[in-house]
Amino acid sequence: MKPTITRLLVCLSTVVALCAPAYAQEDVSKFPSKPITYIVPVTPGTGTDLSVRLIAKEAEKFLKQPIVVVNKPGGALTLGTAAIATAKPDGYTIGFSGGPPLFLTPLLEKVPYDPIKDIRSIMQYGGFNFGVYVKGDSSFKTFKDLIAFARQNPKKATYGTVGVNGMPNIMMEEVAKKEKVQFNHIPFKGTSEGQTALLGGHTAFGAGDFNASLVEAKEIRLVMMLKDEPSAEYPGVPTIKELYNLPYPMGITIITQKAVPDAIVKKLDDAFMKAMKEPAFISGMKELQLPVIYRSGKDLDAYVLQSYNYFSRTLKEMGVIK
């Protein structure tokens, strides 16, 4: 009986081995067969949220299923990012996550996910316009003017950001170190509060997000962009990469769980890449004054790892972490 049982087990194993890939392939071929949840870790109505709704609406045409946008703000974007990272890895839960929750906050505090081991990138479709700005009537015409002032007036070059150890704060301190000057950092609760302080003359400059309408009204003037690539929306303004060869890794990305099959990720990538080319999406992003940028999931994963390692080294050098 034993040889017979052994042969039966071998046959059964062969059948299972042959059928399993076919079954998995059949499941992938049916994807998506139900609505997809798109988690956004910011409040409704923000530029990022509106960009998500723009691309989701267009991607629905190619996926043939509704995309339900769910806002989960909180925890400096880590609450929503955790909800994405810990969801079932079947491709039906995707979402946005920015730079800080992927390669900054996890280095500073305990979060319920590992940005490298638990998260997989699908693609990037947009970017942000963050910058360093002064009052419209300021005597500082360029960023080098700010440096000259800081050099002559130690610690009097005050600047505002939305928080201690946020990316704008860290990168301004990196610039100060390169220039061998001292800035005086003042953290604010939000962008609007920081801009109000600037316009009231309480700070010399601001760093981070800004109100585009204030730039258009010439109430504030950009002197440096906090991004890797030149901004089409603000031509002629130098970037932190150009002036100091410092990275400022930010982007509007789509992520999912690490274990989601390659074929499903490819389907999602294809659909959202097609959505990026739709006229309604392009015009909508232009209205939001957000650049349209594509980066593949593979390249984005490498970008996140590189940025994670960079900030790990930087925070250690600053003495923020061990």
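Only helical runs count toward this figure. For the chain, summing -39,500 (n - 2.57) over DSSP H runs of n ≥ 4 and dividing by all residues gives -14500 deg cm²/dmol at 222 nm. Beta bridges from DSSP with both residues in the chain: antiparallel share about 55 percent, rounded to the nearest 5. In this structure, the pairs whose alpha-carbon distance is over 25 Å, taken from 88/266; 241/298; 30/117; 117/316, are 30/117.
Shown in residue order for segment 261-278 are the 3J(HN,Hα) couplings computed by the Karplus curve 6.51 cos²θ - 1.76 cosθ + 1.60 at θ = phi - 60°: x, 4, 5, 6, 4, 5, 4, 5, 4, 4, 5, 6, 5, 5, 4, 4, 8, 6 Hz (x for Gly and Pro).
Residues 147, 94, 282 in ascending order of nearby Cβ atoms (within 10 Å, fewest first): 282, 147, 94. Taking other Cβ atoms within 10 Å as a rough exposure proxy, 118, 270, 262 sort from fewest to most as 262, 270, 118.
Neighbour counts of C-beta atoms inside 10 Å place 308, 133 in the sequence 308, 133, starting with the fewest. Mind jotting down the distance between the C-alpha centroids of segment 162-204 and segment 102-151, whole Å? So the separation of the two Cα centres works out to 11 Å. Computing FRET efficiency as 1/(1 + (r/R0)^6) for residue 28 and residue 180, where r is the C-beta to C-beta distance and R0 is 35 Å, gives about 0.05. Around the amide H of residue 39, modelled in the peptide plane, lie the amide H atoms of 70, 94, 95, 96, all under 5 Å away and 5 or more residues distant in sequence or on another chain. Here the Karplus relation 6.51 cos²θ - 1.76 cosθ + 1.60, evaluated at θ = phi - 60°, turns the backbone of segment 165-182 into coupling constants of 6, x, 4, x, 4, 4, 6, 5, 6, 5, 5, 4, 5, 5, 8, 6, 10, 10 Hz, with x for every Gly and Pro. For segment 131-244, the convex hull spanned by the alpha carbon atoms encloses 89 Å³ per residue. Here the 3J(HN,Hα) profile of segment 294-304, calculated from phi with Karplus coefficients 6.51, -1.76 and 1.60 at θ = phi - 60°, is 9, 9, 5, x, 4, 5, 5, 4, 5, 5, 5 Hz, Gly and Pro shown as x.
Every number in this text was worked out from the coordinates using simple rules, so none of it is lab data. Remember, it's a predicted structure, so these values are computed and weren't measured experimentally. When we count neighbours, we look across all protein chains shown, and the Cβ atoms used for this are built from the backbone with ideal geometry, even at glycine.
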